[in-house]
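Read through the structure below, which is laid out as structure tokens, and then see the notes.
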Amino acid sequence: MKLVIIGGGGFRVPQVIEVLSSPEAKLRVDEVVLYDVDCARTDAIMAVLRGSGFLDCPTSPSVSACYDLSEALVGADFVFSAMRIGGTCGRITDERVGLGHGVLGQETVGVGGYAYALRTIPAALELARTIKKVAPESWTINFTNPAGIITQAMRKVLGHKVIGICDTPIGLMRRACAALGVNQEDVQFDYVGLNHLGWLRTLVKDGEDLLPQLLADDDLLDHMEEARTIGGDWIRAIGKLPNEYLYYYYLNRESLSRIKNGEQTRGEFLNSQQSGFYSDVLKNPQKAWQLWNQYHNEREATYMAESRDPDKRDGRRAEDIAGGGYQEVALGIMEALTLDSPARMILNVGNGDCAETPLLIPELNAQAVVEVPCWVDGSGVHPQKVAPVTGAELGLITSVKACEELVIDAAIEGDKTKAWRAFASHPLVDSVLVARKLLNDYCEKNPLIAKVFTS
């Protein structure tokens, strides 16, 4: 069993190797190849892995680095795509250009996410074409943000063999179960939306929906980070638990103000922090594992800091972080597909992929990537039918998906007008004139975006 990690010098790679090396893992991966365009970053991650002790486990896969994409992919059974085209410097530009025009520049929500997508889609499509040529039977698991957009673009080449994943939906469900004191294996749940735009709508045990009980109890809601940041009153008003990224929609004015008034954007923080990490590891490889843990703890503690009160931004509760991450979701998919060990998870899949219904969300087209519960087993990924989506939630899903599809078309066709329409139509942009200025500014300040419309 061979796994190739695209973006193999990424900070989170040790977490992937940790779960693969665990004696408790059902699936044994023999070989992991780290592909990256930056050999220094990969060297640093290899030093972390050597210091971690993971590679010394009898159950550990062999891990090596490769800098030729086609060579790396030969014989791959699974491919993890975790690219960051333009690096953290690109993310800073995404954020600062948006903020400069009075618009949120978050990397997956709104114009910041679209700027990221525009420069990433060409690289994602090139990766998809290489996978199809070199390892056509492999499964691709996409981590690259904005995950819904990139997964939908890659499906144009790889079809159902590419799956988008995110740990926030399943983390939301797990925290809800923990707050209620129920085992997540004993409940049925209904979750629907797009990546970073979804809602947990039911949580049923023994025929009873427990979600109303959770929403009605302030003490129980206090265990939900989403409720503390978005507000219990609003969550009760809508009658469902929102994905944490809906904070940027429901409290856009407040989030924008907090980010603008902060000392650093998230991109600036990560650029400084990650530069320090890679530099420190390369200077002190014998301390690589200790350094990784130090930087990892700081990174986790400051995640979405703008969503918390100023006096609470330097830390998160253990219950907010618990429940696994991308690496555990990805391992679960691999185990289910390879060992025919059925698993239930929330994934980014095609709107027309459900066997029970022509379209999961009838208002979207069949190719639209949506985020819904799925069963995964040896025969593939099987999206589960969800209850109808109505009202404001449907309006938000359809408007944002329309923008995402314009972004994909704009990147593939090099059509700047479609990109402008995508920017202008997003719910968090309030002026078509500002949208045009934003797009022009992104093109001026990031050659990778400008290239999309000139090549």
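Read-outs throughout are calculated quantities, based only on the coordinates presented, and are distinct from any laboratory measurement. All of these numbers come straight from a predicted model, not from anything done at the bench. Glycine gets a Cβ as well: all are built from the backbone with ideal geometry, and neighbour counts include every protein chain shown.
Counting Lys and Arg as +1 and Asp and Glu as -1, each charge on the Cβ, what is the dipole of the chain about the Cα centre in debye, to the nearest 20?
Magnitude of the dipole: close to 1360 debye.
Adding -39500 (n - 2.57) for every DSSP H run of four residues or longer, then dividing by how many residues the chain holds, sets the calculated 222 nm ellipticity at -15500 deg cm²/dmol. The separation of region 371-440 from region 27-70, counted between C-alpha centres, amounts to 35 Å. Eigen-decomposition of the gyration tensor built on the alpha-carbon atoms of region 35-113 gives equivalent ellipsoid semi-axes of 34, 15, 12 angstrom, largest listed first.
Run the reach check for residue 26 against lysines, Cα to Cα strictly under 21 Å, same-chain hits fewer than 8 apart removed. What comes back? Filter leaves 2. For region 169-250, the relative contact order comes to 29 percent (Cα pairs under 8 Å, sequence separation of at least 6). Comparing 49, 172, 337 along the charge dipole axis of the chain, the residue lying farthest to the positive side is 49, per the Cβ-charge model.
In percent, rounded to a whole number, the relative contact order of region 45-177 is 23, using alpha-carbon pairs under 8 Å and six or more apart. The lysines within cross-link reach of residue 416, meaning a Cα-to-Cα straight distance under 23 Å and a gap of 8 or more places when in the same chain, are 156, 401, 437, 445, 451. The charge dipole of region 169-250, taken about the Cα centre with unit charges on the Cβ atoms of Lys, Arg (+1) and Asp, Glu (-1), comes to about 280 debye, rounded to the nearest 20.
Cα-based values for the chain, radius of gyration first and Dmax second, are 21.1, 60 Å.
Here is the list for region 1-81: GluC sites (Glu not before Pro) lying in DSSP coil, each with at most 12 other C-beta atoms within 10 angstrom of its C-beta, are 24.
With contacts taken as Cα pairs under 8 Å and at least 6 residues apart, the chain reaches a relative contact order of 17 percent.
The distance separating the Cα centre of region 138-177 from that of region 218-285 comes to 20 Å. Here the Karplus relation 6.51 cos²θ - 1.76 cosθ + 1.60, evaluated at θ = phi - 60°, turns the backbone of region 179-184 into coupling constants of 4, 8, x, 10, 7, 4 Hz, with x for every Gly and Pro. The residue among 440, 388, 140 whose Cα reaches farthest toward the positive pole of the charge dipole of the chain, with charges on the beta-carbon of Lys, Arg, Asp and Glu, is 440. Among 283, 451, a tally of other beta-carbon atoms within 10 Å of each Cβ gives an order, fewest to most, of 283, 451. Within the chain, DSSP assigns beta bridges of which about 55% are antiparallel (rounded to the nearest 5).
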